[in-house]
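> Here it is: the structure, laid out below.
The values are calculated or read from the model by the stated rules, or taken from the named source; none is laboratory data. It should be emphasised that the depicted structure is a prediction, and the values quoted were computed from it without experimental measurement. For neighbour counting, all protein chains shown are included, and Cβ atoms are generated from backbone atoms with ideal geometry for every residue, glycine included. For the accessible areas, the whole protein counts, side chains as well, though only heavy atoms, and no ligand, DNA or RNA atoms are used. Shrake-Rupley method; radii C 1.70, N 1.55, O 1.52, S 1.80 Å.
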There are 2 protein chains.
Amino acid sequence: MADGKAGGTKSGEALLFLTDEQLRKGIEAMFFAYRGFTADPDRILEEHGYGRAHHRALHFIARAPGTNVNNLLGILGVTKQSLNRVLRTLIDDGLVESRIGVQDKRERHLYLTETGKILEGEIAEVQRARMRAAYRKAGHEAVSGFRRVLEAMMDPDQTEFFNALSGKED
Amino acid sequence: MADGKAGGTKSGEALLFLTDEQLRKGIEAMFFAYRGFTADPDRILEEHGYGRAHHRALHFIARAPGTNVNNLLGILGVTKQSLNRVLRTLIDDGLVESRIGVQDKRERHLYLTETGKILEGEIAEVQRARMRAAYRKAGHEAVSGFRRVLEAMMDPDQTEFFNALSGKED
DNA sequence: TTGGAATGTCAACAAGGCTGACTTAAACTG
DNA sequence: CAGTTTAAGTCAGCCTTGTTGACATTCCAA
C-alpha cells in the first residue's frame, strides 16, 4: 500500500502506473470475456446433452490423441472420479475410444472416434470463429499483447501444460 | 476453408493471417489463464466457506453499491433463485445489507457492510496483484491489446454491462 | 513375490446452476 | 378504483460437475 503510486524512479517507460481502477477493469473484462468465450460451445454442447466438462475432455483428447488418463487429469485439474464420469459418458456414447496401453497395460490411451471428431470439430470451429472475430476487431497488433498477458497470468504448472501442448511454433 | 491462407492481397498490415493453430493457442491460453485468474480468490473464499458465486455478488455490489437485485441478475446472468441462495447467505452472515427502496419500495438495494467490504477488499487485492504481475511480466504495451481482445470477445449485452460499470475513464 | 502405481468403480455429498409454481407488496394503468 | 404488471422472495425438485473415501483390479519393478 505504501509503495506503488509515486514514480520516484527514472523514466516512465518500463514502469507501469496502474491504478486499482485500471486493474479492476481488466478483471471485469476477463469475467465478461470468458462468458463470451464459452457461450458458443455451451450452446452446441447443450443440444447434445453435454456440459463444459465434456468439451474440455474432447478438446484435449483431440489435441493430444493417445494421451493417458493421468495426463488428462493433470491438464484438466480435476479428480479422477470427476473425469471418469465424463469420460465414461463419452466412451459409452461412442465419441471417445479407450485403448489399453501396449507397453504399460495399466494405462488407457484415449482417442476420438469419427463421431467424436465431428462434434469436437464443430465446437472448435465456433470457438475459433469467435476468437478470429475478436482478433479482427481488436486489430492484429493486439493479439500478441493479449497472448502475453494471458500467459503471464497462468500459474507456473499451468504454463507447463500450456507449453507442452503447443506445437512449438506459434 | 477455401478462403484464408494465401495472401494474395496487398500489404499484410491490416489483414490477419491466423492459422487454426494460432487460434487454438489463444483458446487454450484463455482456458489456463482463467484458472490462474480465479485461483487466488478461490483460496480465500474457501477459508470462509464461500464459492465463486459469492465472490461475484460481492464484487458487483462493491462496484455498484445500492444496485438492486434485478440489475445484479442481469450482470451475473443467473436466475433469481440461484442468486437468492447466495445473497441470502451473505446477508445472514452480515456481509451484505439489503435496504428497501425509497422511491420504489418493491426494490431492494444492496450494500456491503463493513465486514463485507473487508472480505471483498481482501479478495480484490489478490486478484489485482495477479493482474498487476501479469501486466508487468507482459510489458505495458501488451495491456491495451489484452483489453481490446477481451472486449471484442464479449457478447454485445455483456459489453453493455461492462461499459455501464466502467468509470468512463479507463 | 510383494509393494506400489495406474486405473476404475461405488457411494455419498456439496455447490451452484436450472425450471416451475406461487406469494407478497408495490406500482402502474385504464 | 380495479386490474395488471413488476420486484423480490421462497419452496421444491432436478442436473452437472466438483469433492472424499473406500476398495478392487491389474501389472510393473525391485
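> How high is the relative contact order of region A:36-125, in percent, with contacts defined as C-alpha pairs under 8 Å that are six or more residues apart? Numbers along the way, then the final one.
Details: 97 pairs, mean separation 29.0, N = 90.
With pairs under 8 Å counted, the relative contact order is 32 percent.
> Can you tell me which aspartates and glutamates have their Cα less than 20 Å from the Cα of A:Lys105? Leave out same-chain residues fewer than eight positions away.
Once the sequence-local aspartates and glutamates are set aside, what remains near A:Lys105 is A:Glu97.
> Further question: Sum up the charges of everything whose Cβ sits under 13 Å from the Cβ of B:Ile91, counting Lys and Arg as +1 and Asp and Glu as -1, but leave B:Ile91 out. Each step should come with its number before you reach the end.
Values: positive: B:Arg85, B:Arg88, B:Arg99, B:Arg108; negative: B:Asp92, B:Asp93, B:Glu97.
Computed value for this residue: +1.
> May I ask for the net charge around A:Ala152, where only other residues with Cβ less than 12 Å from the Cβ of A:Ala152 are counted and Lys, Arg are +1 while Asp, Glu are -1?
Details: positive: A:Arg147, A:Arg148, B:Arg130, B:Arg132, B:Arg136, B:Lys137; negative: A:Glu151, A:Asp155.
My count for the surroundings of A:Ala152 gives +4.
> Order the following by accessible area, largest value first: B:His55, A:His140. Probe radius 1.4 Å; ligands, DNA and RNA are ignored.
On the way: B:His55 20, A:His140 90 Å².
Accessible-area ranking of B:His55, A:His140, largest first: A:His140, B:His55.
> Under a 5 Å amide H to amide H cut-off, with H placed in plane at 1.01 Å, what residues pair with B:Thr113 once short-range neighbours are removed?
The list, which skips near neighbours in sequence, is B:Val96, B:Glu97.
> Here's a follow-up. Taking the label point as lying 7 angstrom from Cα along the Cα-to-Cβ axis, what are the distances from B:Ile44 to the corresponding position in the remaining copies, in ascending order and in nanometres?
3.7
> On the rotation axis linking copies B and A, which residue of B comes nearest by its Cβ, and by how many whole Å?
Reported as residue, whole Å: B:Gly145, 1.
> Here is a follow-up. Please find, in a Gaussian network model of chain B (springs between Cα atoms separated by less than 10 Å), the residue of B:Ala62, B:Ala39, B:Ala29 whose mean-square fluctuation is greatest.
Of the options given, B:Ala29 has the highest mean-square fluctuation.
> Something else now. For B:Arg99, which inter-copy label distances result when the label point lies 7 Å beyond Cα on the Cα-to-Cβ vector, reported in nm to one decimal and in ascending order?
Output for B:Arg99: 6.7 nm, nearest copy listed first.
> In Å², nearest 100, what accessible area do chains A and B bury in total when the solvent probe is 1.4 Å?
Values: alone 12470 and 12470 Å², together 18370 Å².
Using a 1.4 Å probe on protein heavy atoms, the buried area is about 6600 Å².
> So which of B:Lys117/B:Lys137; A:Lys137/B:Lys117; A:Lys117/A:Lys137; A:Lys117/B:Lys25; A:Lys137/B:Lys80; A:Lys25/A:Lys80 end up more than 25 Å apart by C-alpha?
Details: B:Lys117/B:Lys137 29 Å; A:Lys137/B:Lys117 37 Å; A:Lys117/A:Lys137 30 Å; A:Lys117/B:Lys25 19 Å; A:Lys137/B:Lys80 34 Å; A:Lys25/A:Lys80 36 Å.
Where the Cα-Cα span goes over 25 Å, the pairs concerned are B:Lys117/B:Lys137; A:Lys137/B:Lys117; A:Lys117/A:Lys137; A:Lys137/B:Lys80; A:Lys25/A:Lys80.
> When only Cα pairs under 8 Å and 6 or more residues apart are kept, what is the percent relative contact order across chain A?
Here the relative contact order equals 20 percent.
> Go ahead and run the numbers for FRET between A:Asn84 and A:Arg52, Cβ-Cβ distance against an R0 of 25 Å, rounding to 0.05. List each step's numbers first, then the result.
Working: r = 16 Å, r/R0 = 0.66.
My answer for the efficiency is 0.90.
> Related question: Tally Lys and Arg at +1 and Asp and Glu at -1 over the other residues with C-beta under 13 Å from the C-beta of B:Tyr50: what net charge comes out?
Details: positive: B:Arg43, B:Arg52, B:Arg56, B:Arg85, B:Arg88; negative: B:Asp42, B:Glu46, B:Glu47, B:Asp92, B:Asp93, B:Glu120, B:Glu122.
With Lys, Arg at +1 and Asp, Glu at -1, the net is -2.
> Are there trypsin sites (Lys or Arg not before Pro) in region A:67-137 that DSSP puts in a loop and that have at most 16 other Cβ atoms within 10 Å, and which ones? Numbers along the way, then the final one.
Details: sites: A:Lys80, A:Arg85, A:Arg88, A:Arg99, A:Lys105, A:Arg106, A:Arg108, A:Lys117, A:Arg128, A:Arg130, A:Arg132, A:Arg136, A:Lys137; in loops: A:Lys105, A:Arg106.
Sites meeting the loop and neighbour criteria: A:Lys105, A:Arg106.
> Calculated FRET efficiency, B:Ala64 and B:Asp42, Cβ-Cβ r, R0 41 Å, to nearest 0.05?
Working: r = 23 Å, r/R0 = 0.57.
So, using R0 = 41 Å, E works out to roughly 0.95.
> List the distances, in nm and shortest first, from the label point of A:Leu165 to the matching label points in every other copy, placing each point 7 Å from Cα along the Cα-to-Cβ direction.
2.5
> Just reorder B:Tyr50, A:Tyr111 by solvent-accessible area, largest first, 1.4 Å probe, all chains present. Kindly include the intermediate steps, with their values, before the conclusion.
Numbers: B:Tyr50 35, A:Tyr111 65 Å².
Order by accessible area, largest first: A:Tyr111, B:Tyr50.
> To the nearest 0.05, what FRET efficiency results for A:Glu125 and B:Asp157 with a Förster distance of 41 Å applied to their C-beta separation? Could you put the intermediate results ahead of the total?
On the way: r = 23 Å, r/R0 = 0.57.
Step by step, r from the Cβ atoms, then E = 0.95.
> Same structure, new question: Only helices at least 15 Å long along their own axis, judged from Cα atoms, and with Kyte-Doolittle mean hydropathy of -1.0 or greater: name those in chain B from DSSP H. Don't skip to the answer; put the middle values down first.
Numbers: long enough: B:20-47 (41 Å, -0.62); B:52-63 (16 Å, -0.55); B:80-92 (17 Å, -0.37); B:114-138 (35 Å, -0.73); B:140-153 (21 Å, 0.01).
Length and hydropathy pass: B:20-47, B:52-63, B:80-92, B:114-138, B:140-153.
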